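Peer 1: Below is the structure I would like to discuss, written out as structure tokens.
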Amino acid sequence: MKKLLKWIFICGVLGVALLGAGLITLKVMYPPQKLKAMAVSYAKDNFHREIAFDKVSFNLIGVTLTDFALSEAETFAQGTFIKADKLQVKVALLPLLQKKVEIRTVSLDGLAVNVIKQKDGSFNFDSLLAAPTAQQDAPADDSASADEALGLDLTAGQININNCAFSYKDLQTGMSAAVNKLNLKIRDFDLKKIFSLKIQFTTAYQEGDLSASVPVTVDTAVNLANLDLPQAYVNIKAITAQYKNMRFLLKGQVKNFAAPEVDLTGTLSGLNQRTFADFLPDLPEFSLPEITVKVNAAADLDKSTADIRQLKLAVLNSGFTASGTAGWGAANPVYQVKGNLALHLGEIVQMTSSVADFKPEGEITGSFTATDKKDGKDVSGSVVLKNVSALYDVFTLKTLNGAIKITSLDDISCPVLTGLFNGEKFTSSFSYKNIKDVLNLGLNLDLSKLTLDKFPAADEEQAGEQPSAQTQAAPAAQDGSQMLMNIKANVKIGAIKVPYFTAEGFNINADLTRVSAAMDKANGQVDFTLKPGAITDLDSLVKDTKIVKILLLPITLVNKVGKALNVEIFPAENSAKKGQITFSSAEGKYTFVNGVMNVDKTSLVSKLTNVNGSGTVDFPKNDINMKVSATVLTSQTPIIMKITGTLDNPKGKLDVLNTVGSLVGGILNYKTPGKVVSGTASTAGNVATGAVKTTGKVAQNGVDTVKSTLKGIGGLFKKSKNAGAKSTPAK
């Protein structure tokens with residue numbers, strides 16, 4: 001036995017001596033300068049790139065390479081693809097005699113890799129993938145090679161990667177991303193045993209005005225099970241990431257590297273409006289409690305499928321759970337998922353002092369199923385609202401109760417929804433259907449009272465200068481199509497007090513098809529009635545809301561034309577109400593035929609002015625043809641106007657014949673004391689309109705009355721000095 005051990009010792013010493021001699025011979029045959037020249041030539045011939053390094057050295061315990069760099073295609077003038085400050089590998093010699101590879105240390109410092117996607121879609125590493133590799137003899141038996149590898153012990157005391165970086169830039173989109181300050185430490189690496197793996201890095205993302213930087217740390221214990229992948233696993237002690245004040249922590253295990261099984265739990269804390277300030281700057285102040293995440297799933301990598309056993313998000317007593325299957329092997333992903341939702345609003349959102357007077361309350365519960373069918377719109381289920389309160393800028397919704405039925409994302413309805421709108425009771429129902437890109441919208445609403453201090457903020461584009469009617473009629477989508485809607489609505493509102501408008505009540509019924517923003521394809525009917533109220537600023541009122549602009553279009557047009565003709569259509573009751581239109585009632589009935597709005601009836605009745613109109617507004621042609629009578633003095637004395645032109649540039653002129661005839665006849669009836677012979681008034685009217693010629697048979701007092709009346713009301717039609725005899729366009 002002693003002889004055997006002595007023989008083994010002698011053989012070991014001899015082996016080390018031979019290995020040392022071999023390394024010495026290698027250094028003599030291939031000095032650093034010769035190795036450098038060979039590497040440079042090989043890179044040029046095979047990769048069409050330049051390579052550079054300071055030196056490479058071999059010794060008894062390993063190899064060292066310093067200041068390595070590989071150029072972009074052709075030369076360093078095109079840039080550097082990969083660089084590294086130093087690579088060092090140190091091995092132990094004696095364990096090789098026992099068929100063990102024991103690496104004492106591996107260190108890589110300052111590695112930097114730059115990946116670029118060119119404008120043509122190619123990558124800067126494509127030429128490397130296409131480059132020929134050194135000829136290698138294929139192993140005679142793959143299984144034998146695998147057995148041989150498994151029979152070899154490979155260990156490493158330390159593996160260090162320090163201050164490395166990987167960058168990616170997409171020249172097509174301008175997006176760039178990077179992993180910077182990458183540090184990796186492996187301790188006691190062993191193919192057969194568990195070892196420690198720790199990673200630290202910082203991610204960076206930039207696209208347009210959006211940029212983000214997130215530091216990440218990873219602390220794990222890994223067992224490669226001597227490359228028996230079904231038995232391999234990783235225990236995740238902690239994966240942390242932080243962005244601004246938000247912190248994410250993940251723990252758990254991933255086992256079976258051949259068909260991974262994931263069991264992870266995580267927390268998300270510090271989530272508030274400052275987290276999203278860079279890309280959602282207008283969010284109100286809020287702060288969410290800690291969110292917990294749980295994922296339990298298994299994947300079959302060969303079949304490209306996953307079984308999601310449980311996906312759960314929870315915040316205090318609120319949460320979302322889902323389970324199902326998913327696959328990514330086909331051209332498009334497939335999935336079938338079931339889920340449940342439970343939200344306790346009072347627990348979730350904790351608002352700051354800016355909205356301290358509003359406390360979100362209530363519960364939202366629901367369940368759904370979803371599949372990849374119908375382009376991902378195959379989602380069905382229900383959502384139940386119980387005493388829900390919500391806030392949106394200028395109004396509040398409280399004690400909302402109802403159930404929303406989801407047949408698909410193209411078919412959503414709510415049979416009954418009740419609650420308080422700004423403290424006033426309402427009952428409503430609504431429905432939404434999308435059939436061949438035509439939205440069917442239904443709304444029934446009964447609101448006891450509507451009060452708003454201001455309208456919701458308009459979009460930046462809408463808040464600016466209003467586009468012309470031609471611009472409004474342009475297709476909304478880039479492909480030339482417009483979003484079309486079929487609308488059925490029955491709305492009843494009690495007392496109204498909103499900016500520029502008050503009324504004691506309002507009703508509207510609408511049954512329209514093919515409605516769009518341009519209104520150039522609309523068909524159907526709309527009618528509305530208004531109880532006594534006032535318009536304090538007509539221009540501002542119609543500017544803010546599209547539907548109000550259409551409903552009050554005839555009133556807006558006659559007011560605009562009246563100003564152009566210097567005729568005060570809506571005089572004030574007194575100086576305190578100057579500019580205000582006070583009415584005792586108003587109504588309108590409109591019929592749409594292929595985008596042409598027929599004004600069947602429109603009227604506004606007040607103490608000083610009554611307006612009645614009829615005609616058409618042709619939205620496709622942007623053309624107006626209306627006739628409006630405005631009674632300024634009494635109900636017996638209407639002014640008749642003809643309105644033509646376009647929506648953004650209406651033109652008007654007085655219908656002199658009808659106007660004068662109406663005025664003469666009406667004023668005789670109104671001004672003459674006592675009973676006036678009806679024939680006299682009728683004759684005077686006919687004379688003014690030219691229906692008959694004047695003769696001596698007309699009583700002189702009647703003629704004098706007509707003359708004085710015409711002279712007295714002349715100021716009513718007085719134009720500015722710049723106004724001509726022809727119709728004047730509205731300014």
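Peer 1: Do you know which residues across the range 622-664 are within 41 Å of the chain's Cα centre (by Cα) and modelled with pLDDT under 80?
Peer 2: L647, D648
Peer 1: Quick check: is even one residue across the range 531-538 assigned to a helix (DSSP H, G or I) and either in contact (Cβ under 8 Å) with a residue 60 or more places away in the chain or closer than 18 Å to T602 by Cα (or both)?
Peer 2: yes
Peer 1: Then there's this: Residue check, Q88 against (1) surrounded by 13 or more Cβ atoms within 10 Å (Cβ to Cβ); (2) modelled with pLDDT of 85 or more, all met but one. Which one?
Peer 2: It fails just one condition, (2).
Peer 1: Give the residues of the range 336-358 that are surrounded by 14 or more Cβ atoms within 10 Å (Cβ to Cβ) and at pLDDT below 55, sorted by residue number.
Peer 2: Residues satisfying the conditions are M351, V355.
Peer 1: OK, next. For the range 530-550, which residues satisfy the criterion of being open to solvent by 20 Å² or more (accessible area, probe 1.4 Å) and within 29 Å of V438 (Cβ to Cβ)?
Peer 2: The answer is K543, D544, T545, K546, I547, V548, K549, I550.
Peer 1: Considering only residues of the range 551-575 that are of a type in the set (A, V, I, L, M, F, W, C) and farther than 20 Å from S614 by Cβ, which is least open to solvent (accessible area, probe 1.4 Å)?
Peer 2: Residue satisfying both the conditions and the ranking: A564.
Peer 1: Something else: Would you check if D278 is surrounded by 14 or more Cβ atoms within 10 Å (Cβ to Cβ) and either within 29 Å of Q310 (Cα to Cα) or touching a residue at least 24 places away in the same chain (Cβ under 8 Å) (or both)?
Peer 2: No, not satisfied.
Peer 1: Give A299, A238 a once-over and let me know the one that is under 30 Å from A331 (Cβ atoms) and in contact with a strand residue (DSSP E or B) (Cβ under 7 Å, 6 or more places away or on another chain).
Peer 2: A299
Peer 1: Separate question: Checking Q273 against (1) more than 22 Å from G339 (Cβ to Cβ); (2) in contact (Cβ under 8 Å) with a residue 24 or more places away in the chain, which test does it fail?
Peer 2: The failed condition is (2).
Peer 1: So V526 ticks every box in (1) part of a loop (DSSP other than H, G, I, E, B); (2) touching a strand residue (DSSP E or B) at 6+ places or on another chain (Cβ under 6 Å) but one. Which box is left unticked?
Peer 2: Just one mismatch for V526, condition (1).
Peer 1: Please enumerate the residues belonging to the range 425-438 that are more than 18 Å from N490 (Cβ to Cβ) and either among the β-branched types (V, I, T) or touching a residue at least 40 places away in the same chain (Cβ under 8 Å) (or both).
Peer 2: I435, D437, V438
Peer 1: Another question about this same structure. Within the range 193-222, how many residues are within 17 Å of A177 (Cα to Cα) and either in contact with a Leu (Cβ under 9 Å, 6 or more places away or on another chain) or of a type outside the set (D, E) (or both)?
Peer 2: 15
Peer 1: Just name the residue that is nearest to the chain's Cα centre (by Cα) out of those in the range 49-62 that are modelled with pLDDT of 75 or more and not acidic (D, E).
Peer 2: R49
Peer 1: Would you list the strands (runs of 3 or more DSSP E) that sit entirely within the range 215-333 and hold 1 or more residues that are more than 28 Å from L197 (Cβ to Cβ)?
Peer 2: Result: 305-315, 318-327.
The values are calculated or read from the model by the stated rules, or taken from the named source; none is laboratory data. It should be emphasised that the depicted structure is a prediction, and the values quoted were computed from it without experimental measurement. Note that we place each Cβ from the backbone using ideal geometry, even for glycine, and neighbour counts take in every protein chain shown. Accessible surface areas use protein heavy atoms only, side chains included; no ligands, DNA or RNA. Shrake-Rupley method; radii C 1.70, N 1.55, O 1.52, S 1.80 Å.
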